[in-house]
Protein chains: 2
Amino acid sequence: MALFLLLAMILSRMANNLDDIFAALSDPTRRAVIARLGTGEAPVSDLAAPHDMALPSFLKHIKTLERAGLVQTRKIGRTRICTLHPEALAVAENWLDQQHEIWVGKLDRLDAYLNKDQME
Amino acid sequence: MALFLLLAMILSRMANNLDDIFAALSDPTRRAVIARLGTGEAPVSDLAAPHDMALPSFLKHIKTLERAGLVQTRKIGRTRICTLHPEALAVAENWLDQQHEIWVGKLDRLDAYLNKDQME
């Protein structure tokens, strides 16, 4: 029973995480930050520079990315450094791959069915 | 100039689409509908059955999926049939694949740098 509850908690946590990850990816500023961090960690001020918005608005985007587990931040003196956490991107990739497999599996079954039809 | 405007329009359309697609994927009911439709088209009533919500609420989810281009619907008599439109899922997959390549490229460069260091 305890194991079942633990499993249910983990599954629910993963599902919540997918909600947060996909929601975080639904904004062009946040996607640009992810693409930039893919090339290496960066201070918040560097990440904010190309975006035409006030710093508090930009920090909200960083918070959303952090909450989704896509970005980790740490302070060095007065500078906040952001790092990409690619494991969270992999969670989204895995979900999409699963859908791809379901879809391709369906086409394979259709193909097999049509070939069987031709053979008979 | 006209070509530039057209290109800007196409790029902006693609970006909007990514916003809509990722936002559509950020909900467990909508992800369940996509997973179900991966195995074949289905009437709205069949899709709604496993979900404990009023039909108007469920129809809002279908509208969100339709707007993002993930699902197409058509009416046969009084039944609305939903079909998965996997090309829209591929748009999200492509974006994630690009990030993956940026990230892996960075690791490869780091690896090459460290190996060079060892050789010297």
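The values are calculated or read from the model by the stated rules, or taken from the named source; none is laboratory data. All values reported here derive from a predicted model rather than from experimental measurement. Cβ sites come from the backbone with ideal geometry, for glycine too, and all protein chains shown count toward neighbours. Remember, those area values only see protein heavy atoms, side chains included, never the ligands or the DNA or RNA. Shrake-Rupley method; radii C 1.70, N 1.55, O 1.52, S 1.80 Å.
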Sorted largest first, the C-alpha extents of the protein assembly as shown along its principal axes in whole angstrom are 68, 63, 46
For peptide B:47-59, the mean count of other chain Cβ atoms within 10 Å per residue Cβ is 0
For region A:50-64, Karplus-derived ³J(HN,Hα) couplings (6.51, -1.76, 1.60; θ = phi - 60°; whole Hz; x for glycine and proline) come out as x, 9, 7, 8, 5, 4, x, 5, 5, 4, 4, 5, 4, 4, 4
Computed, not fitted: 222 nm per-residue ellipticity of chain A from DSSP H runs ≥ 4 (each -39500 (n - 2.57)), nearest 500, equal to -24000 deg cm²/dmol
Computed over chain B: longest principal axis from alpha-carbon atoms vs helix B:86-119 long axis, angle to nearest 10 degrees, is 20
Per residue of B:75-87, other chain Cβ atoms within 10 Å number on average 1
Counting only protein heavy atoms with a 1.4 Å probe and every protein chain in place, the carbon and sulfur fraction of the accessible surface of chain B in whole percent equals 60
Charge tally for neighbours of A:His61 with beta carbon under 9 Å away, counting Lys, Arg as +1 and Asp, Glu as -1, is +2
With B:Ser26 itself left out, Lys, Arg at +1 and Asp, Glu at -1 over residues whose Cβ is under 12 Å from its Cβ give -4
Between chains B and A, total accessible area buried, probe 1.4 Å, no ligands or nucleic acids, nearest 100 Å², roughly 2500
In degrees, nearest 10, the alpha-carbon axis of helix B:2-25 is tilted away from the dominant principal axis of the alpha carbons of chain B by 70
Taking chain B, the whole-percent share of alpha-carbon pairs separated by over 25 angstrom is 44
